[in-house]
Amino acid sequence: MKQTKVITALSAVTTTTTSSAIPVEYAEKVTLALTATGISTGNGVYTITGSFDGTTYYPINTVIDNVANTNVQTLTRVASKTLSANGSALVALDLENFGYYYIKITVTRTTDGSYSAVVLVEY
């Protein structure tokens with residue numbers, strides 16, 4: 001039987017913020033729901049880092065973006081996800097090729113807006 005955890009990593013932050021470490025060891029799937037509200041001219045850039053020891057974190061540049069592809073295209077991988085308007089986006093970690101014990105999510109805020117990130121971890 002699969003187990004899932006839903007973790008609120010960032011909750012309506014209004015400054016550049018990095019989440020606490022999120023354990024993902026043994027995860028089969030990791031999906032992130034990113035949300036922005038209150039944007040009039042700014043944006044928030046979400047980046048994800050991964051760690052093997054909980055101390056040293058490395059940029060994860062292979063985040064799978066939830067964009068439409070044709071049947072002949074491969075998955076779109078990105079280093080960051082930018083929200084420039086109120087709304088939300090889904091991204092996932094590529095766990096077929098990479099594994100992590102912990103991840104952290106950072107949102108870099110420009111001029112305005114409130115930013116959240118929720119993580120669904122399936123074991």
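The values are calculated or read from the model by the stated rules, or taken from the named source; none is laboratory data. Quick caveat, the model's predicted, so the values are computed rather than measured. We place every Cβ from the backbone using ideal geometry, glycine too, and count neighbours over all the protein chains shown.
Each residue in the stretch 20-34 was checked for being touching a Phe, Trp or Tyr at 6+ places or on another chain (Cβ under 7 Å) and either small (Gly, Ala, Ser) or part of a strand (DSSP E or B) (or both), and 5 pass.
Scanning the stretch 55-90 for residues that are within 24 Å of residue 112 (Cα to Cα) and in a loop (DSSP other than H, G, I, E, B) turns up 79, 84, 85, 86. Annotation: of all residues in the stretch 91-119 being assigned to a loop (DSSP other than H, G, I, E, B) and of a type in the set (S, T, N, Q), the one that is nearest to residue 47 (Cα to Cα) is 110.
For the stretch 88-122, residues that are farther than 14 Å from residue 32 by Cα and small (Gly, Ala, Ser) total 3.
Within the stretch 50-77, restricting attention to residues that are small (Gly, Ala, Ser) and crowded, with 16+ Cβ neighbours inside 10 Å, the residue that is farthest from residue 12 (Cα to Cα) is 51.
Would you check if there is a residue in the stretch 34-56 being within 15 Å of the chain's Cα centre (by Cα) and among the charged types (D, E, K, R)? Taking every residue of the stretch 34-56 in turn, none turns out to be within 15 Å of the chain's Cα centre (by Cα) and among the charged types (D, E, K, R). The condition (being of a type in the set (D, E, K, R), at pLDDT 95 or above and over 22 Å from residue 7 (Cβ atoms)) is satisfied by just one residue among 112, 65: 112. A single member of 47, 8 is at pLDDT 95 or above and surrounded by fewer than 16 Cβ atoms within 10 Å (Cβ to Cβ), and it is 8.
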